[in-house]
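The values are calculated or read from the model by the stated rules, or taken from the named source; none is laboratory data. Quick caveat, the model's predicted, so the values are computed rather than measured. Cβ: placed from backbone, ideal geometry, glycine included. Neighbour counts: every protein chain shown. Remember, those area values only see protein heavy atoms, side chains included, never the ligands or the DNA or RNA. Shrake-Rupley method; radii C 1.70, N 1.55, O 1.52, S 1.80 Å.
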Amino acid sequence: MRAYRHILAAVDLSPEGREVLERAQDLAQRYGSMLSLLHVIEPLPVDAAGEALLPPMSIESELHDTAEQKLRELADRVGLEPSRRHIVMGYTKREIINFAEQYGVDLIVVGSHGRHGLALLLGSTANAVLHGAPCDVLAVRI
Ligand code: AMP
C-alpha cells in the first residue's frame, strides 16, 4: 500500500482535538509522513446589511490570540514544530479542503464530531470534508 506523504489534522480546539492530533501523529510516524495542524477561525456574524454585529478588529485579534495559544498547547504536547501549525480565517470546510489541495495533503484527519454537537451520525464538518476532499479522510470517532 502507498504510504501517506502529508497528513493534515484539522482541530476545532475542543478537548477532543487532542485525540484527532494524536491519531494523526501516530499515522505520520508509522508512514514517515509530514504532519500539519490546522485550525480555522470562522468570520464574524454580519447583519442583513453586511455590517458586523460585533466590533470586528478587536474581537478578531482576540480570537486569533486565543486560537494561537490553544494550538500551541496542543502542538507542544506532541512536539509539533511551529512551522507545521496553521491558523487561517474563513469557512472551516472550505479552508480544510483548500489547504489539502494547496499543500498536497493525502490524508485529512478530523473528529467525527466537534463543537457542533452529537446530533448527527457524522458531524457537519466531517461530512462536508468527506464529500469535498481531494484525498482520503479519516474521521476519528469522538
Ligand atoms: P463538527 O462539525 O463541529 O462536529 O466538527 C467535527 C470535526 O471537524 C472536529 O472534530 C475537527 O476535527 C473539525 N473541525 C471543526 N471545526 C473546525 C475548525 N474551526 N478548524 C479546524 N477543524 C475543525
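A few points about this structure:
- Candidate residues 95, 16, 62: accessible-area rank, largest first, probe 1.4 Å: 62, 16, 95
- Ligands, DNA and RNA excluded, the heavy atoms of residue 76 present near 90 Å² of accessible surface to a 1.4 Å solvent probe.
- In order along segment 78-84, the Karplus-derived 3J(HN,Hα) couplings, from 6.51 cos²θ - 1.76 cosθ + 1.60 at θ = phi - 60°, round to 10, x, 7, 5, x, 5, 9 Hz, and Gly and Pro are given as x.
- Here the spin labels are modelled as points 7 Å beyond Cα on the Cα-Cβ line, and at residue 64 and residue 91 they lie 2.2 nm apart.
- Check: the chain dipole with +1 on Lys, Arg Cβ and -1 on Asp, Glu Cβ, in debye: 620
- Dividing the convex hull volume of the alpha-carbon atoms in the chain by its residue count gives 123 Å³ per residue.
- Relative contact order %, the chain, counting alpha carbon pairs below 8 Å whose residues are six or more apart: 30
- Sequence-distant residues sharing a close amide H with residue 109 (under 5 Å, placed H): 8, 9, 10, 138
- In Å², nearest 10: area of residue 37 left accessible to a 1.4 Å probe: 0
- Where segment 6-141 is the region considered: accessible area per residue in Å², 1.4 Å probe: 56
- Sulfur and carbon atoms: percent of accessible area, the chain [1.4 Å]: 52
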